[in-house]
Amino acid sequence: MTKTTPTIAELEHEIDVLRQRIAELEIPARRYQALLDGGIVSMMIYDREGRAIEVNRRWEQLWRLRLEDLTEWRLLVDEQVSANGSMPVVERAFFQGEAAALPTIRYDPGQADTLQQGAAQWVASSLHPIRDAAGGVREVLQIHVDVGEIKQTEEELRAQAAQLEAAVAERAQMLEEQLRVSEEQRRAIVALSTPVLRLWDGILALPLIGRVDAERAARILEVLLQAIVDTRAEHVILDVTGVPLVDADGARSLRDTVRASSLLGAQCVIAGVSPAMAKTLVDSDLGFDGVPMVASLQDGLRRSLSLRNDGR
């Protein structure tokens, strides 16, 4: 079979097709070159053994190293990568051709036995296997992105958060101390507002000043009953001279105090009853008929001493 010699027109067409194909292939190359020379991200290329065979200018600026400094260094045996837990991901990229993103780490070239120089950096990185015509991994491209400023901001935020937490804890402690002091003051005020006085052996006096509300009445009853038990008192003088007005609730509180004291064996005398209070006690019809009432504390003491001497 005779081989036909291509015509000039056919050769020119083939040349045009080849030129077009070359132009198409140049586009990815130009894209890669633009990324390589852009100065934004650090790029380095490894051979299949994990040795660096090419780096760009940004890589040198980032790590303060040159390609010739990496002669004895290999990514696949780097202890920092292993300690970080990233080595399985690296191995899959080299041996299985899996592209992968690595965790953000602080890498220090100076800690590598084969380097012991360079600048430590916080970086996020990714691995991109480059395959040959047969589909095997020929090279691996690693891209580093400097996140040092982000990490620095995070550290600053953590420091600020720690300072804020410390300030809040200190303030909380101060407030807790203030509350403790306030509670102690409140108890002191309450104690002063319900002073139980031991006038004589077996005779107690409880001077009341100001309005007697439900809360205070409960406190009065509690303090007085405890004092009766502690002193084995037989007589109690409730001095209401300092109470300007007693309403129905206040009258019931007095009645409850008298009855509770009686159950503990102490007889009550009410001293200092004003005309208005007397009317309230009568109108309330709460059973004060059997309770002795006197004009003053002194009269109450005389009455209690008299009852005591009479054996009542």
Identify all residues within the range 265-298 that are closer than 22 Å to Thr231 by Cα and not in a loop (DSSP other than H, G, I, E, B); write none if there are none. Gln267, Cys268, Val269, Ile270, Ala271, Leu297, Gln298
Need the failing condition index for Val246 against (1) closer than 17 Å to Val291 by Cα; (2) modelled with pLDDT under 85; (3) assigned to a helix (DSSP H, G or I), just the number. (3)
Got a number for residues in the range 221-238 being out of contact with any Ser or Thr (no Cβ under 8 Å at 6 or more places or on another chain) and either in contact (Cβ under 8 Å) with a residue 40 or more places away in the chain or β-branched (Val, Ile, Thr) (or both)? 3
What about Val240, is it part of a loop (DSSP other than H, G, I, E, B), β-branched (Val, Ile, Thr), under 56 Å from the mean Cα position of the chain (by Cα) and crowded, with 21+ Cβ neighbours inside 10 Å? no
Assigned by TED's automatic domain parsing to the domain that holds Ala214, surrounded by 12 or more Cβ atoms within 10 Å (Cβ to Cβ) and assigned to a loop (DSSP other than H, G, I, E, B) - does that describe any residue in the range 303-310? no
The lone exception for Leu62 - which of (1) within 24 Å of Arg138 (Cα to Cα); (2) at pLDDT 90 or above; (3) out of contact with any helix residue (DSSP H, G or I) (no Cβ under 6 Å at 6 or more places or on another chain) it fails: (1)
Being at pLDDT 90 or above, outside any strand (DSSP E or B) and among the hydrophobic types (A, V, I, L, M, F, W, C): is that true of Val140 here? no
Only one of Glu60, Glu54, Glu26 that is surrounded by 10 or more Cβ atoms within 10 Å (Cβ to Cβ) and either over 28 Å from Leu127 (Cα atoms) or outside the structural domain of Arg131 (by TED's automatic domain parsing) (or both): Glu26
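The values are calculated or read from the model by the stated rules, or taken from the named source; none is laboratory data. Bear in mind that the values here come from a model prediction, so they are computed numbers and not experimental data. Heads up, the Cβs are rebuilt from the backbone with ideal geometry, glycines too, and the neighbour counts pull from every protein chain shown.
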